[in-house]
Amino acid sequence: MVPAYTSRSVADLPFELGTGLDEQLARILDVEGKIPRAIETLGPVEGRDVVVVDGSAGLRARQLEQLGARVTVVDSTGPTAFAAPEASADVVVGLWSAFRGAGSGELAAASRLLRPGGRLLIVHDYGRDDVAELRGSDREYGAWTYREDPFLGSGFKIRVLHCWWTFSSVDEAHTFLEVAFGAMGRAVAERLTRPRLSYNVAVYHRTLGEEPA
């Protein structure tokens, strides 16, 4: 069974694995901090009002606050979806569970929150890496990387980050992968010669609205 998002819409991580495993994944994913650094580069976020969509576990929000952002967290679904004041953000950041393609409804919601010239940054898996094997047939993100498909066909640009899941040892990697992903994790672990998995992350980015005159 491929791990997936639940109705809780927690998106600090690429998928939910369960109590204990989520905390371990948070520790091993992107220990080099490439994801928050890319968000700062593409935003930027320092000294700015930033709305984080579905970051309810707090990890990404804390990282952005450490970069100097003033962070508000909102949900992407339910009665309080995108519940922040109009034109209250300089940057909107979507994390994995939000913006599953460039749907007009969510784009409109982001546009409402952003001030003129505001930036929309959307973080998703890019694939073509070790972690993609753990996802099995869940490859919807593959279509998003083609020019004619949702993001790149809707005016977004893409920044690909070459990240890692980094473990303290090959034995730790074997244990985690088998417990978290079953047979698929065991198959990936058996090929490991070093304690890390390649993990490519896409940050789709564009400016919404016109810059003030």
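The values are calculated or read from the model by the stated rules, or taken from the named source; none is laboratory data. The structure displayed is predicted, hence computed values, not measured ones. Don't worry about glycine lacking a Cβ; one is built from the backbone with ideal geometry, like all the others, and counts go over all protein chains shown.
Which residue out of S76, S88, S104, S111 is touching a Phe, Trp or Tyr at 6+ places or on another chain (Cβ under 8 Å), surrounded by fewer than 23 Cβ atoms within 10 Å (Cβ to Cβ) and over 28 Å from L197 (Cα atoms)?
Details: S88 fails: touching a Phe, Trp or Tyr at 6+ places or on another chain (Cβ under 8 Å); S104 fails: touching a Phe, Trp or Tyr at 6+ places or on another chain (Cβ under 8 Å); S111 fails: touching a Phe, Trp or Tyr at 6+ places or on another chain (Cβ under 8 Å).
One residue alone meets the criteria, S76.
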| said: Checking the conditions here, which among V93, V31 is part of a strand (DSSP E or B) and aliphatic (A, V, I, L, M)? | reply: V93
| So which of G18, G33, G47, G58 is farther than 19 Å from L161 by Cβ and touching a helix residue (DSSP H, G or I) at 6+ places or on another chain (Cβ under 9 Å)? | G18
| Options A132, A87, A108; residue that is of a type in the set (G, A, S), touching a Lys or Arg at 6+ places or on another chain (Cβ under 9 Å), farther than 16 Å from V203 by Cα and not in a loop (DSSP other than H, G, I, E, B) | A132
| query | How many residues does region 1-27 hold that are out of contact with any Leu (no Cβ under 9 Å at 6 or more places or on another chain) and either small (G, A, S) or at pLDDT 85 or above (or both)? | reply | 8
| remark: Expected single match for at pLDDT below 90 and loosely packed, with under 14 Cβ neighbours inside 10 Å among G155, G127 is G155
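Can you confirm whether V50 is over 14 Å from the mean Cα position of the chain (by Cα), among the β-branched types (V, I, T) and over 12 Å from I39 (Cβ atoms)? Even if it seems obvious, please write down each step before you answer.
Values: over 14 Å from the mean Cα position of the chain (by Cα): yes; among the β-branched types (V, I, T): yes; over 12 Å from I39 (Cβ atoms): no.
Here the answer is no, as V50 does not meet what is asked.
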| When the residues of region 194-213 are filtered to those that are at pLDDT below 95 and over 22 Å from the mean Cα position of the chain (by Cα), which remaining residue is surrounded by the most Cβ atoms within 10 Å (Cβ to Cβ)? | G209
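Does region 173-193 hold any residues that are surrounded by 14 or more Cβ atoms within 10 Å (Cβ to Cβ) and either without any contact (Cβ under 8 Å) to a residue 24 or more places away in the chain or aromatic (F, W, Y) (or both), and which are they? Walk me through how you get there before you give the answer.
Of the residues in region 173-193, the ones surrounded by 14 or more Cβ atoms within 10 Å (Cβ to Cβ) are 173-181, 184-185, 187-189, 192.
Residues satisfying the conditions are H174, T175, F176, E178, F181, A189, L192.
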| remark: When region 34-69 is checked residue by residue, the ones that are among the β-branched types (V, I, T) and not in a loop (DSSP other than H, G, I, E, B) are I35, I39, T41, V50, V51, V52, V53
